[in-house]
Structures are given as structure tokens and as C-alpha cells.
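The values are calculated or read from the model by the stated rules, or taken from the named source; none is laboratory data. Everything quoted here is computed from the prediction, not taken from an experiment. Because the Cβ atoms are built from the backbone with ideal geometry, glycine has one as well, and the counts that use them run over all protein chains shown. Calculation scope for accessible area: heavy atoms of the full protein, side chains included, ligands and nucleic acids excluded. Shrake-Rupley method; radii C 1.70, N 1.55, O 1.52, S 1.80 Å.
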Amino acid sequence: MAVIAYLDAFPAPNALEILARHPEHEARWIDSAGPVADSLARLADAHAYQLVGARDLVPPGLLVDADFLSAAPEMLVVSSSGAGVDVFDRAACNEAGVLIVNQTGANALAVAETAVTMMMAIAKNLALADRLLHAGWSESRTTLFGRDLSGATVGIVGIGNIGRQVARLLTVFGCEVLAFDPYVDAAETAARGARKVGFDEVLAASDFITVHTPLTDETRYLFDPAAFASMKPGAIFINCARGFIHDEAALAHAISSGHLFGAGLDVFETEPPSPDHPLLQLPTVMVSPHIAGGTHSAVATMAEYAATQLIDICAGKAPARPVNPEVLPKFE
């Protein structure tokens, strides 16, 4: 028997229905609102731990780091509900022989649709027009005329599961699609619908840049003041991936100075952001509260992926979506 602990809830109820068909395992609820010490006591003999991938939704004591793993000595696998893995200390998991898995791809289309929607809504001033009309605006409509996505150059940073879906959606608009991803070669990038370029070229040539990478040491503040300064004047920046990939102060300056036209942001360093956050004061910034991948069908798929993968791993099968495959020999 394996003890499969889950923090608060799986992405959707169908995960518990799947687990219920395997009574040889115990599904154990962990309450994030309760005392951390009580939660750690319930995790002490757990073999698997399922939690949301957004750091701000996990109490500090229940994030998977060295201290957590020392309190859960039987832990074998930790699982994120989506693609995000910044709730895990990879080095600590490797040291303990703990496998990290995620559900990458489960909500890829939902995130891609949100990214493309943000591109269009910002370029055509739809988000701004909506806010102005609700506030009683009655000026000339010509001041809100926008521009087309069709025929534009779009740069995708990270052409993985989500990035390739963005590239596919953009084909209908006749866009030139560029991609920067050091882990995907030129032939595979082309197969995914984009032309492989370096980071400098994607910055300089793109009318729109959309980010679809995990948050890692490599991508933390990838978009810093120098990166924003190198972007094409009037470009639009989209981030539906993770906060901390872009420098928020630098982005606010790039827009308020007129260098960039605007941005679409589903993620922030602190979620939700404060109402007085500088980026929320800019009229051409469209924001959402980390819901890009949160459609009903997507979360049901995420839940199915999560429950099925954990059951398979507990049965000795190879993990479908390992994040730290280097730990597999020690894990096994």
C-alpha cells in the first residue's frame, strides 16, 4: 500500500474518483490552513505528495525543501498539479532520492489560447476600451484604433508543450513565428511551427513576445532591463508562465517610457498583486490572476494526469513526466 497525500485538493474531483478505484492505496488529505506541524505529522509516512505548482498557494513549511523531506522520510515522489515546479527544491529532492513529476501538457492549449487572446486584446485596445466604457468614456473612438495580429512577427520564448500550441494557433493569422529555446534544435523547432533564433534576435525582431518557460535559475529575470531595452519599439510582452521570469519594475518602466506598447500578464512575483502595483496603473497592461490554464476541461485533464501518474509510479511503472530524471537510479 502507498500513502498518497494531497494538499487541499487535486485540480478537479475526478482525481479522487480515479484513486478510489485503487483501494490498495490510501489517499490522505492535508489541510494547508491547519498547523504546519500537524500537516507534517500526517506526511511523515506518506510515499507521494501532490500539491499545486504556485508557490504563493503553499505554506512555507509545506514547500518541498530539505527540511520538509527530513520530516517526510518515506517520501518517494512529489507531484505538481500543473507544469510549474518552483514549489520543489530540485537539489534537495535529488539528494533524498525523491522523484519530481508534473502534468506538463495537460493545460497547454488553454494557456496558449490565453496568450493569443491577450495579444489581440492589447493590440486592438479591447481591454482598455472595456475599462474606459465602464467608467463612462465618451471621446472619439479613433483614439482607440489598434493594430493587427495578422502578419506580425511573434517571438516565442520556450517552444515546449505550450509554445508549440501558440505557434499552431498563430498559423491562421499568417504570422512569422520565431522561437528561442536552447533545448530544442532547429529541425524540431521548425516541426513545431517556428524558426529557431537566438535570444537577441527574438528581442529585436518581434512585434509580440510570449513567454512559455518554467521558472529556473536560467530563466529567473531573463527579461531584465537590458532585455526590455533590446525589444522592438512598440512591442507587446506576454507572460503566462511564471512570475520572476521578468523584472516587474523594468517592464513598468519600458511601458511607461513609451518604448513598449503594453503587456499581458497572468503571473506576478506576488500573487495576487497589490492594487497599487505600478504595472496595474498602466492603461495598456492587461492582467489576470494566474488563470491562463484554468479551464474546466484543462483542470480535469490535469487531475487525471496527476492521479494516473502517481498510481502508475506506485505500481512500479516508469514516470510519464519526470522533472528530475537524473534522480531515477537513486529513486529506483
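So if I check each of Val166, Val172, which one is touching a strand residue (DSSP E or B) at 6+ places or on another chain (Cβ under 6 Å) and closer than 20 Å to Asp207 by Cα? So that I can check it myself, show each step before the final result.
Numbers: Val172 fails: touching a strand residue (DSSP E or B) at 6+ places or on another chain (Cβ under 6 Å).
Only one candidate passes the filter, namely Val166.
Specify which of the listed residues (Gly155, Gly234, Gly160) is free of Cβ contacts under 8 Å to residues at least 60 places away in the same chain, within 16 Å of the chain's Cα centre (by Cα) and open to solvent by less than 50 Å² (accessible area, probe 1.4 Å). I'd like the intermediate steps shown before the answer.
Numbers: Gly155 fails: within 16 Å of the chain's Cα centre (by Cα); Gly234 fails: within 16 Å of the chain's Cα centre (by Cα).
Result of the check over Gly155, Gly234, Gly160: Gly160.
Only one of Val58, Val116, Val64 is buried (at least 16 other Cβ atoms within 10 Å of the Cβ) and out of contact with any helix residue (DSSP H, G or I) (no Cβ under 9 Å at 6 or more places or on another chain); which? Reasoning before the result, please.
Numbers: Val116 fails: out of contact with any helix residue (DSSP H, G or I) (no Cβ under 9 Å at 6 or more places or on another chain); Val64 fails: out of contact with any helix residue (DSSP H, G or I) (no Cβ under 9 Å at 6 or more places or on another chain).
Residue meeting the stated conditions: Val58.
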Among all residue pairs at least 6 apart or on different chains, which show Cβ distances below 7 Å where the first residue, located in the stretch 241-262, is under 13 Å from Gln281 (Cβ atoms) and the second is of a type in the set (S, T, N, Q) and assigned to a loop (DSSP other than H, G, I, E, B)?
-> Ile255/Thr284; Gly262/Thr284
Find the residue count for the stretch 121-149, including only residues that are in a loop (DSSP other than H, G, I, E, B), hydrophobic (A, V, I, L, M, F, W, C) and modelled with pLDDT of 90 or more.
-> 3
Matching entry among Ala33, Ala41, Ala37 (being open to solvent by 40 Å² or more (accessible area, probe 1.4 Å), assigned to a loop (DSSP other than H, G, I, E, B) and either closer than 29 Å to Pro289 by Cβ or in contact with a helix residue (DSSP H, G or I) (Cβ under 9 Å, 6 or more places away or on another chain) (or both)) = Ala33
In the stretch 70-109, what residues are closer than 30 Å to Ile236 by Cβ, open to solvent by 10 Å² or more (accessible area, probe 1.4 Å) and assigned to a helix (DSSP H, G or I)?
-> Leu109
Hey, any hits in the stretch 81-97 for a residue that's closer than 30 Å to Ile159 by Cβ, more than 16 Å from the chain's Cα centre (by Cα) and of a type in the set (Gly, Ala, Ser)?
-> yes
How do the pairs read when you match residues in the stretch 46-75 that are farther than 18 Å from Ala96 by Cβ and of a type in the set (Gly, Ala, Ser) with residues anywhere that are assigned to a strand (DSSP E or B) and open to solvent by less than 30 Å² (accessible area, probe 1.4 Å), using Cβ under 7 Å and keeping only pairs 6 or more apart or on different chains?
-> Gly53/Ser80
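Pull up the stretch 209-231, narrow it to residues that are among the β-branched types (Val, Ile, Thr) and either in a loop (DSSP other than H, G, I, E, B) or at pLDDT below 95 (or both), then point me to the one that is surrounded by the fewest Cβ atoms within 10 Å (Cβ to Cβ).
The first filter runs over the stretch 209-231 and keeps only residues among the β-branched types (Val, Ile, Thr), leaving 209-211, 213, 216, 219.
From what is left, the residues that are either in a loop (DSSP other than H, G, I, E, B) or at pLDDT below 95 (or both) are 213, 216, 219.
Details: Thr213: 23, Thr216: 13, Thr219: 18.
Taking the candidates together, the pick is Thr216.
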Tabulated pairs, the stretch 108-137, first free of Cβ contacts under 8 Å to residues at least 40 places away in the same chain, second open to solvent by less than 10 Å² (accessible area, probe 1.4 Å), C-beta under 8 angstrom, 6+ apart or interchain = Met120/Leu149
Mind telling me which of the residues Ala135, Ala187, Ala191, Ala204 ends up being more than 24 Å from the chain's Cα centre (by Cα), open to solvent by 20 Å² or more (accessible area, probe 1.4 Å) and under 30 Å from Val85 (Cβ atoms)?
-> Ala187
